[in-house]
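Following: one structure in structure tokens, then a few remarks.
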Amino acid sequence: MNTNKPEKPLLDLQNVEKRFALDQGFLETIKMRGGKLIREKREVHAVNNVSLSVERGEALCVVGESGCGKSTVARLIAGLLTPSAGEIHYDGERIDNRSRHDLLPLRKKMQMIFQNPYASLNPRMTIQQALEEPVKYHTPSLTRAEVKDKVAEVMLSVGVDPSWSARYPHEFSGGQRQRIAIARALTVNPEFIIADEPISALDVSIQAQVLNLMLEAKEQRGLTYLFITHDLSVVQHFGTRVAVLYLGSVCELADTATLFENPKHPYTKALLSAVPQLKDDGPSHIRLKGEIPTPINLPLGCPFESRCAYANVRCETERPAAVQQPDGSLVACHAVEEDRLQD
Amino acid sequence: MSLLSVRDLSVKFAMRDHSVTALKGIDFDLAKGERLGIVGESGAGKSITGFALMNLLSRPGFIDQGKILFQGKDIVHMSDAEMRTIRGNRMAMIFQDPMVTLNPVLTIGQQMVETLKAHRKLSKSDAEQIAIMKLRQVYIPSPEERLNQYPHELSGGMRQRIVIAIALLLDPELIIADEPTTALDVTIQADIMELLLELCQSSKVGLILITHDLGVVSQMTDRTLVMYAGKIIESGRTSEIINDPQHPYTQGLINALPQQTEPGRRLKQIPGNMPSLTGIPDGCAFSPRCEFATDQCRITPPEIVQYEHVAVACHEVNRLHHVTSKGLDK
Amino acid sequence: MSNFSTNVEASRFSRMWNSNMGYSFRRNPVAVVSLCIFAAIALMAIFAPLIAPFDPYDLSQIDIMNSEYPPVWIDGADKQFLFGTDDQGRDLWSTILYGTRLSLLIGLCAVTLQAFLGISIGLISGYVGGRLDSLLMRMADIQLSFSTLMVAIIFLAVTQAMFGSETFNQYAIYFLIAVIGVSEWPQYARTVRATVLAEKKKEYVDSARVLGFGPMRIMVRHILPNSLSPIFVISTVQVANAIISEASLSFLGLGMPPSQPSLGSLISSGFDYIFSGSWWITAIPGVILVVLVLVINLLGDWMRDVLNPKLYKG
């Protein structure tokens, strides 16, 4: 459909950074060090120099462990946070510096699904109210009957019986609430959906239901997804491309099939090996030494250096840049670059 | 004699004017040094089982009937004083959130020494020596320093290791681990599981692992119980259950995993939701969600029968096997 | 159609009755008795003009010759005056009914004003945050460091001096509402701000922001309805406090004038006669005031237990 256009990504993140101030206000920044009062502002470097692009119709998965900044990336794109540096473009237009009012047209195109279905619906609103609100707000010209029809249509499409619309969220199970949350995002007919761990709070049999629902919506409505998750088996199933995040930096970006067949970054390898498999005997994962360092004092070199078995002096002092590999994946690792991983 | 035998255990919750059944007819044995997985989704009653085994249920939950024999002694009717000599001493529990076990205002050392001295007559320095040894056992670097640290100074993975060290302090015969790694990252989870497995194997400790993750169960345990709506619906050797499940729910659970389907295809989902405790249907609790359910399934609850290598509670298991064995082979 | 709507009403009532709140209410005799007493006092106050045998504001019904009759159960009483009469010959029963009405009215209006100010400031402070939050909360701290009574006494004394006591007496009720209302807003503002800070982190607020809703809509339609439980709890306590404040000010002669007595001014006007044996002019309104404040506080206590988010949150 968009063949006549030049290949322009739907969403483009350019060198995005996000830092959170740890010490708020003047008084908190004053500290005693070695008998002297000094002024020091500590910051959490949640996202560092991340560049990503999402093509129309694909499902880009962002994976990583807790604290790697994947949720922050989702919030930056959704406009819930503003980046400290870098630019975010949607459909060719810069969106990170716009006011709430200027963003309104974009809100109809880009929606978000949250992790916790128990918190993402207003407990004091009936399902009908919760689903009507965005429709009325974004298309005030609709008559009451048209709004009702729209709500009923969306409820049917996510498999929730419209006759339940007078109920409150607490009367539904987690899976049904997540369906309703998806329905709410779909009421404004978006083309792009940011899903922040949408199934990790759900049971296995319900996860499959919600994942199927999201796949159906993708096919029927031509949606593009940015899917944030920590669950690699979901990534393998759902994603077309994967970005692996570690300590706020992208360490590997590749097509899903390529990444699972041939992971290159040492962290990606460890991550893949740690997923408990159904049908092999005993764990056989790559053991990482230590744990994720805090993102307050970032290491000078590669963020993974402290846990990497292949780290050398260069890794300690120089931050690796993302380098294109022969199979098309982008890997930020000196060891891969220098080809010293093979042993 | 088995380490733990549970016979016809039933747990109820007292409501305003009636009570609801949370567990019904739980029956299993655990041999010394055996590792057992209890799998189920939220609401299946697996955590309640763990609490009941430790005799830790508190109002409104209570054990309605049945026996829990730990080394031949029934712990259901034990006094609190008797129970204290077993709980924490010969039977230990690890929770999902390490902060349930760890007291935030005491140092790691204080907590470990206190636990030791409560059960054994030891001097403080002896107790500290044991604590350091146990911390070393769970691969905590520089254990002497950790003794003086507070829980909040440690990372999540480290805290869970310390909880395991505390559970091991008194050399228990049984560890009950309730979702011990659910709150942790995959790489840390793998480490902790490996550690737990190694400790259980080397010192012949029995393990009951309560989890929703079939992958974890398949790597960790010898035998598995699958629970649904407060009942055991299938039990047997873990490898049999994972590779050749007989109950339609277990099959559904395994087939619903994304690994079981080609990428991008529709997952094989189980329709509907787990019933709530107050709305458990007549007959087989799974029947409303089961594609093989017959009228009999909707009326009479199935008995547990031995089929192939597993015990399964399903009326249709004979018929089912023919259908699915063809289906699974593609 | 009307049939349909009554059905809905009935089911709503039965749902409330069977809810957690209804259940704990039925199980708590203190709450039931408190509510009954409060309802009785409130009904009597509302229908005072219908119940009262005399109109205490009507000078033509007052006869100074009737002054200081004791209540009917004491010798020397006049049968037509149930609780006796005060020093000016007014029927005490009628005066108490009208006085309770005034006390409740001032209490409720003052709390409404407090709530309006406090909730708006608390919502804005919590939702917007940053410097505005610091500024508003420091204002609240300053306000709280003056005691309510001190502020009220200074304010009322100055206005009384400025306008002269006749004008003051005419508008006393508005001055009282204003001064009690304004001086206690920080209670609300702090409570609301704390709940807003907790609610703001929840995903439904993020979800509303992603849908592009404006801050006003998010504050009023999404956050406020979820912050109501603590507001209910402090409202009960605040009504009791406001009634007491009003009574104290009236007792000090800075509140309602003796011609339109509230409970406080009644107690005050009878105070001079305690030692001459006419104890009932002070004691009976005093008992009513204590009972009224007590039942409101007991209801507040019960409500705090039921709505405590730590004990129960759906």
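The values are calculated or read from the model by the stated rules, or taken from the named source; none is laboratory data. Predicted, not measured: the structure shown is a model, and the values here were computed from it. Here Cβ is always computed from backbone atoms with ideal geometry, including for glycine, and neighbour counts include all displayed protein chains.
Odds and ends about this structure:
- Cβ separations smaller than 8 Å between residues 6+ apart or across chains give the following pairs from the stretch B:259-284 residues that are more than 7 Å from chain A (Cβ to nearest Cβ) to residues that are basic (Lys, Arg): B:260/B:268; B:271/B:289; B:272/B:289; B:281/B:298; B:282/B:298; B:283/B:298; B:284/B:298.
- Filter result for residue A:278 (surrounded by 24 or more Cβ atoms within 10 Å (Cβ to Cβ) and either in a helix (DSSP H, G or I) or at the interface with another protein chain (Cβ under 8 Å from one of its Cβ atoms) (or both)): no
- Any chance residue A:314 is in a loop (DSSP other than H, G, I, E, B), surrounded by 15 or more Cβ atoms within 10 Å (Cβ to Cβ) and of a type in the set (D, E, K, R): no
- Which listed residue is under 16 Å from the mean Cα position of the chain (by Cα), at the interface with another protein chain (Cβ under 9 Å from one of its Cβ atoms) and at pLDDT 90 or above, from A:113, A:88: A:113
- Criterion (of a type in the set (S, T, N, Q) and farther than 30 Å from residue C:140 by Cβ) met by exactly one of C:112, C:95: C:95
- Filtered by the rule that a residue be out of contact with any helix residue (DSSP H, G or I) (no Cβ under 7 Å at 6 or more places or on another chain), polar (S, T, N, Q) and under 30 Å from residue B:245 (Cα atoms), the stretch A:240-283 gives a lone residue, A:273.
Results for (1) modelled with pLDDT of 75 or more; (2) hydroxyl-bearing (Ser, Thr, Tyr), shown as yes or no for each residue.
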| position | (1), (2) |
| --- | --- |
| C:19 | no, yes |
| C:26 | yes, no |
| C:34 | yes, yes |
| C:37 | yes, no |
| C:42 | yes, no |
| C:48 | yes, no |
| C:70 | yes, no |
| C:86 | yes, no |
| C:103 | yes, yes |
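- For the stretch A:119-144, residues that are more than 9 Å from every other protein chain (Cβ to nearest Cβ) and among the hydroxyl-bearing types (Ser, Thr, Tyr) total 4.
- Residues satisfying the criterion are absent from the stretch A:39-62 (criterion: part of a strand (DSSP E or B), out of contact with any strand residue (DSSP E or B) (no Cβ under 7 Å at 6 or more places or on another chain) and of a type outside the set (Ser, Thr, Tyr)).
- Members of the stretch C:275-295 that are among the small types (Gly, Ala, Ser) and assigned to a helix (DSSP H, G or I): C:276, C:283, C:286
- Residue A:31 being closer than 22 Å to residue A:97 by Cβ, modelled with pLDDT under 90 and not aliphatic (A, V, I, L, M): no
- So residue B:178, is it in contact with a Phe, Trp or Tyr (Cβ under 6 Å, 6 or more places away or on another chain) and closer than 17 Å to residue B:95 by Cα: yes
- Being away from every other protein chain (no Cβ under 11 Å) and out of contact with any His (no Cβ under 8 Å at 6 or more places or on another chain) holds for only one residue in A:291, A:261, and it is A:261.
- Residue match in the stretch C:134-147 (condition: in a helix (DSSP H, G or I) and touching a residue at least 60 places away in the same chain (Cβ under 8 Å)): no
- Single match in C:86, C:75, C:133, C:55 (criterion: farther than 21 Å from residue C:236 by Cα, out of contact with any strand residue (DSSP E or B) (no Cβ under 6 Å at 6 or more places or on another chain) and loosely packed, with under 15 Cβ neighbours inside 10 Å): C:75
- Note on the stretch B:13-40: residues that are on the phi < 0 side of the Ramachandran plot and surrounded by fewer than 21 Cβ atoms within 10 Å (Cβ to Cβ) amount to 15.
- Qualifying residue in the stretch A:42-58 (condition: of a type in the set (A, V, I, L, M, F, W, C), surrounded by fewer than 20 Cβ atoms within 10 Å (Cβ to Cβ) and free of Cβ contacts under 8 Å to residues at least 60 places away in the same chain): no
- Where helices (runs of 4 or more DSSP H) fall wholly inside the stretch B:27-101, the ranges with 2 or more residues that are at pLDDT 85 or above and in contact with a strand residue (DSSP E or B) (Cβ under 6 Å, 6 or more places away or on another chain) are B:46-53.
- Residues (among the β-branched types (Val, Ile, Thr) and in contact (Cβ under 8 Å) with a residue 12 or more places away in the chain) located in the stretch A:140-191: A:147, A:151, A:154, A:158, A:160, A:180, A:182, A:187, A:188
- Taking the listed residues A:37, A:22, the one that is touching a residue at least 60 places away in the same chain (Cβ under 8 Å), touching a Lys or Arg at 6+ places or on another chain (Cβ under 8 Å) and over 30 Å from residue A:106 (Cα atoms) is A:22, with no other qualifying.
For every residue, the table says whether it meets (1) away from every other protein chain (no Cβ under 14 Å); (2) charged (D, E, K, R); (3) out of contact with any helix residue (DSSP H, G or I) (no Cβ under 9 Å at 6 or more places or on another chain).
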site: B:140; (1), (2), (3): no, no, no
site: B:164; (1), (2), (3): yes, no, no
site: B:183; (1), (2), (3): no, no, no
site: B:200; (1), (2), (3): no, no, no
site: B:204; (1), (2), (3): yes, yes, yes
site: B:220; (1), (2), (3): no, no, no
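- Single condition residue C:98 does not satisfy, out of (1) assigned to a loop (DSSP other than H, G, I, E, B); (2) touching an Asp or Glu at 6+ places or on another chain (Cβ under 9 Å); (3) not small (Gly, Ala, Ser): (1)
- Residue check for residue B:153: within 13 Å of chain A (Cβ to nearest Cβ), surrounded by fewer than 22 Cβ atoms within 10 Å (Cβ to Cβ) and touching a strand residue (DSSP E or B) at 6+ places or on another chain (Cβ under 7 Å): no
- Looking only at the stretch A:183-229, and only at residues there that are of a type in the set (Val, Ile, Thr) and within 26 Å of residue B:44 (Cα to Cα), the one that is nearest to the chain's Cα centre (by Cα): A:229
- Filtering the stretch A:68-81 for residues that are in contact with an Asp or Glu (Cβ under 6 Å, 6 or more places away or on another chain), assigned to a loop (DSSP other than H, G, I, E, B) and under 19 Å from residue C:200 (Cα atoms) leaves a non-empty set.
- Taken over the stretch A:108-144, the criterion of being among the aliphatic types (A, V, I, L, M) and surrounded by fewer than 17 Cβ atoms within 10 Å (Cβ to Cβ) is satisfied by A:142 alone.
- Boolean, residue A:338 is more than 14 Å from chain B (Cβ to nearest Cβ) and loosely packed, with under 15 Cβ neighbours inside 10 Å: yes
- Checked against the criterion of being modelled with pLDDT under 90, at positive phi, outside any helix (DSSP H, G or I) and under 26 Å from the mean Cα position of the chain (by Cα), the stretch B:144-166 has no qualifying residue.
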